1. I need the chymotrypsin sites (Phe, Trp or Tyr not before Pro) found in segment 28-118, filtered to DSSP loop residues with at most 11 other beta carbons within 10 Å of theirs.
2. Using per-residue counts of other Cβ atoms within 10 Å, averaged over each peptide, order 237-244, 52-59 from highest down.
3. Can you give the relative contact order of the chain as a percent, counting alpha carbon pairs under 8 Å and 6+ residues apart?
4. Using 0.36 nm times the number of residues separating E215 and H82, minus their current alpha carbon distance, what extension gain do you get?
5. Can you pull out the trypsin sites (Lys or Arg not before Pro) in segment 1-65 whose DSSP state is coil and whose Cβ has at most 14 other Cβ atoms within 10 Å?
6. What is the extension gain from R144 to R32, computed as 0.36 nm multiplied by their sequence separation minus the C-alpha to C-alpha distance, in nm to one decimal?
7. Could you give the angle, 0 to 90 degrees to the nearest 10, between helix 20-33's Cα long axis and the longest principal axis of the Cα atoms of the chain?
8. Hey, what number do you get for the chain at 222 nm if only DSSP H runs of n ≥ 4 count, each worth -39500 (n - 2.57), divided across all residues, to the nearest 500?
Amino acid sequence: MGPVQLTFASTTRLALFPEEQRRRQVLHVLGRVVSGRVVLFAVVDDHLHVVLLCEPEETGLAARALLLALRPVAAVAIAPAHVSEVRGRDHLEWLVRYLLEQPAHHGVAGHPALTTGSCFPDLVGARVVPGLSLQLAAALPRYRLRDAYPLVGLPTERIEPASNPQIRALGAHRLVTGAAQAAAAGPELGLGDVSVRVRTVAAHLAAQVGIPLDELAHALGTTRDATRKMGRRTAEPTLLAATRTWLALEAASASAGSAAAVAAIEAASARRAGKASATPPHRAS
């Protein structure tokens, strides 16, 4: 079983996933359709890159299954995947850099570490989508995760989960939006399972850090009684931890600054391009 890269684009290169809601839905499609096989991914408005661990005979089936599952999510017609072999460790290391730099390369708004289409939050434990457990360690043993931080404009220090005082200082609204990001829930919480997971985690963390019930209920848009009931549900430990890490990642990204991060990424990319004598084969996007 080896890594293979699939690239999906629209048939006309118009935006496939122009809204935040669509990009978050893509993550759930990946977790549902190719569960346990995703190594890396990058979603921007007009295309999707995904690196999978696949047996050669399974690649076509996985590409077809993803195409069918992505069609209802895409805003325009989506073309069949372009499939390319990952040729060894050097090529896969190059893909780590290439995919993590996609948000900066395509001018996606916001800090590159925080964009929904980046797999960086998943790599550092700041997001938990069912089935979307990245297999980078299996595909690329001994890869140092700290080497990924500068690729999204962050210093190499490990992100430590936000503490209770830090979360309390952020307030209920930031807690709820952070939990939604950590679960890849829609920007507007609805009634689905993912939204219930988010509300439950927010209720538990609010109780842990001392956010008043009324403040949380207002942020969730629910009543006091409904909010209190959420706190009685069992919260997922992995999503509790991911929410703390997401909030810490937001703080680290704010310190780094979006413009400075993009400038640093582009400068580093230009230096590498100047030194490179050859580029691993890929489909330019």
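The numbers here are math on the coordinates, done by the rules we state, and not lab data. The structure displayed is predicted, hence computed values, not measured ones. Every residue, glycine as well, gets a Cβ built from its backbone with ideal geometry; the counts of neighbours run over all protein chains shown.
1. Numbers: sites: F41, W94, Y98; in loops: none.
Sites meeting the loop and neighbour criteria: none at all.
2. 237-244, 52-59
3. In percent, rounded to a whole number, it is 21.
4. On the way: separation 133, 0.36 × 133 = 47.88 nm, distance 4.85 nm.
That pair, E215 and H82, stretches by 43.0 nm at full extension.
5. Working: sites: R13, R22, R23, R24, R32, R37, R64; in loops: R13, R37.
Within segment 1-65, the qualifying trypsin sites (Lys or Arg not before Pro) (loop, at most 14 other Cβ atoms within 10 Å) are R13.
6. Using 0.36 nm per residue and subtracting the Cα-Cα distance, I get 37.5 nm.
7. That helix lies at roughly 70 degrees to the long axis.
8. Values: 13 runs with 145 residues, N = 285.
Rounded to the nearest 500, the figure is -15500 deg cm²/dmol.
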